[in-house]
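Input: a single structure, listed below in structure tokens.
The values are calculated or read from the model by the stated rules, or taken from the named source; none is laboratory data. Values in this document were obtained by computation on a predicted structure and should not be read as measured data. As a convention, Cβ positions derive from the backbone with ideal geometry for all residues, glycine included, and neighbour counts pool all protein chains shown. Accessible surface is based on the protein model in full, side chains and every heavy atom, while ligands, DNA and RNA are left aside. Shrake-Rupley method; radii C 1.70, N 1.55, O 1.52, S 1.80 Å.
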Amino acid sequence: MDQQQWQDFLGNEGAIWEGGRAHFPLTSREDPQSLHLLDLGPSGAISISGPDSQKFLQGQLTCDLINLPDGHSTLGAHCNPKGRMISAFSALKLSQGEFIFRLPRNLAPIAQQALAKYAVFFKTELRDISDETHWLGLQGHNVAERAATLLGVNPPSVGEVIPFDFDGERGMLQSVNELQLAILIPSSKAQQLWQTLAPECEATGYDHWQVRQIEAGIPQVDAATTEMFIPQMTNLHLLGGVSFKKGCYTGQEVIARMQFRGAAKRRLYRASCAAGDLPQPGMEIYADGAQSIGNLVEACRSEEGIQLLAVLTIAKVAAGETLRLKDGRTLEIEELPYDADADPLA
């Protein structure tokens, strides 16, 4: 089933299509009885397979895959030699020879091509499988247990990846956090799986998924922001996505120098603003002066307006200056669920 067929199907389920994604009516996320079913169509996937896959990736990525158990996942990034993130993703380790990256669909070809430059000396194959697979999401309280019942598997712990069989095809469940579970399924089975899950769930738009990710302070790099940020600017090092104990990898010298010399002048903040046009990734953000003090990482609509993550100059935020988007809307800084000033080496 191609993207147009999937769009036509979801349109019949009550979705409105805008900007290449399905928008369902916003409903309360606080209902403890509600299990939400989401189309994660804006997400893509890269497959890395072959006997040298782990060795190859260990020398390229910020995360430590050797010490990551099979059947688990971690955040990570692939950087250029200057330490700027070409891509950031959730890496699913199925075995030492099989990995899947979940990342924005528009970033998948960029990420695949960047990695392929270094893969020629290894027995590994990199494929952008965004068209042949599809991501769905389940979100809500007790999501692992409820998903396990629906799909006939054991409940996954946070970070765990569990394969399952669906109508003769292999799917993957990834427990993203306590409230979110991502499901990878061949595109040919996506509609059937949606119809199987839908009677027990409430269909909800991708914005609901993004809101939870933003509340968790998890950064997302896409095609507009590739090679814009060093990992520490996005707090990736505080989320287990950067290892300072593994060996060398591309960009490691710059990333380590920033960490050990405490040179970071910008970091990730969570913020909100009034409803209106959705600001786009990479948009410049201003304080009291005329000079930009940072960039938008991602934004989504919510019942309260616009929720967003942005990389901002630490000193400007600490000084209490008024923060605003390019269109003049004022930003309100919100709490992150982790200590953004923590030392990951402590």
For the range 150-177, pairs from a residue that is free of Cβ contacts under 8 Å to residues at least 60 places away in the same chain and among the acidic types (Asp, Glu) to a residue that is in a strand (DSSP E or B) and open to solvent by 10 Å² or more (accessible area, probe 1.4 Å), with Cβ under 7 Å and 6 or more apart or across chains, are Glu169/Pro186
Being modelled with pLDDT of 95 or more, assigned to a helix (DSSP H, G or I) and closer than 23 Å to Pro81 by Cα narrows it down to one residue among Gln220, Gln259, Gln232; which is it? Gln232
Please determine whether any residue of the range 51-60 is crowded, with 19+ Cβ neighbours inside 10 Å, assigned to a strand (DSSP E or B) and at pLDDT 95 or above. no
Within the range 179-199, tally of residues that are open to solvent by 30 Å² or more (accessible area, probe 1.4 Å), under 27 Å from His72 (Cβ atoms) and over 15 Å from the mean Cα position of the chain (by Cα): 2
Residues satisfying the stated conditions in the range 169-188, i.e. outside any strand (DSSP E or B) and either within 30 Å of Arg266 (Cα to Cα) or modelled with pLDDT of 95 or more (or both): Val176, Asn177, Glu178, Leu179
Out of (1) within 27 Å of Pro69 (Cα to Cα); (2) among the aromatic types (Phe, Trp, Tyr); (3) more than 18 Å from the chain's Cα centre (by Cα), what's the single condition that is false for Trp209? (3)
Note on the range 154-178: residues open to solvent by less than 30 Å² (accessible area, probe 1.4 Å) and over 23 Å from the mean Cα position of the chain (by Cα) are Phe166
By residue number, the members of the range 118-130 that are modelled with pLDDT under 95 and either charged (D, E, K, R) or more than 25 Å from Gly240 (Cα to Cα) (or both) are Val120, Phe121
Only one of Lys93, Lys82 is in contact with a Gly (Cβ under 8 Å, 6 or more places away or on another chain) and assigned to a strand (DSSP E or B). Can you tell me which? Lys93
Taking Gly240 and the conditions (1) at negative phi; (2) open to solvent by 10 Å² or more (accessible area, probe 1.4 Å); (3) over 13 Å from the mean Cα position of the chain (by Cα), which numbered condition does it fall short on, given that it satisfies the others? (1)
Test: Ala147 is in contact (Cβ under 8 Å) with a residue 40 or more places away in the chain, open to solvent by less than 20 Å² (accessible area, probe 1.4 Å), part of a helix (DSSP H, G or I) and small (Gly, Ala, Ser): no
Considering every residue within the range 329-340, establish whether at least one is modelled with pLDDT under 95, in contact with a strand residue (DSSP E or B) (Cβ under 9 Å, 6 or more places away or on another chain) and surrounded by 13 or more Cβ atoms within 10 Å (Cβ to Cβ). yes
Flag for Ser87 being small (Gly, Ala, Ser) and either at pLDDT below 95 or open to solvent by less than 20 Å² (accessible area, probe 1.4 Å) (or both): yes
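Kindly establish whether Ala45 is buried (at least 22 other Cβ atoms within 10 Å of the Cβ) and farther than 15 Å from Thr250 by Cα. Talk me through it step by step, then tell me what you get.
On the way: buried (at least 22 other Cβ atoms within 10 Å of the Cβ): yes; farther than 15 Å from Thr250 by Cα: yes.
Yes: the conditions hold for Ala45.
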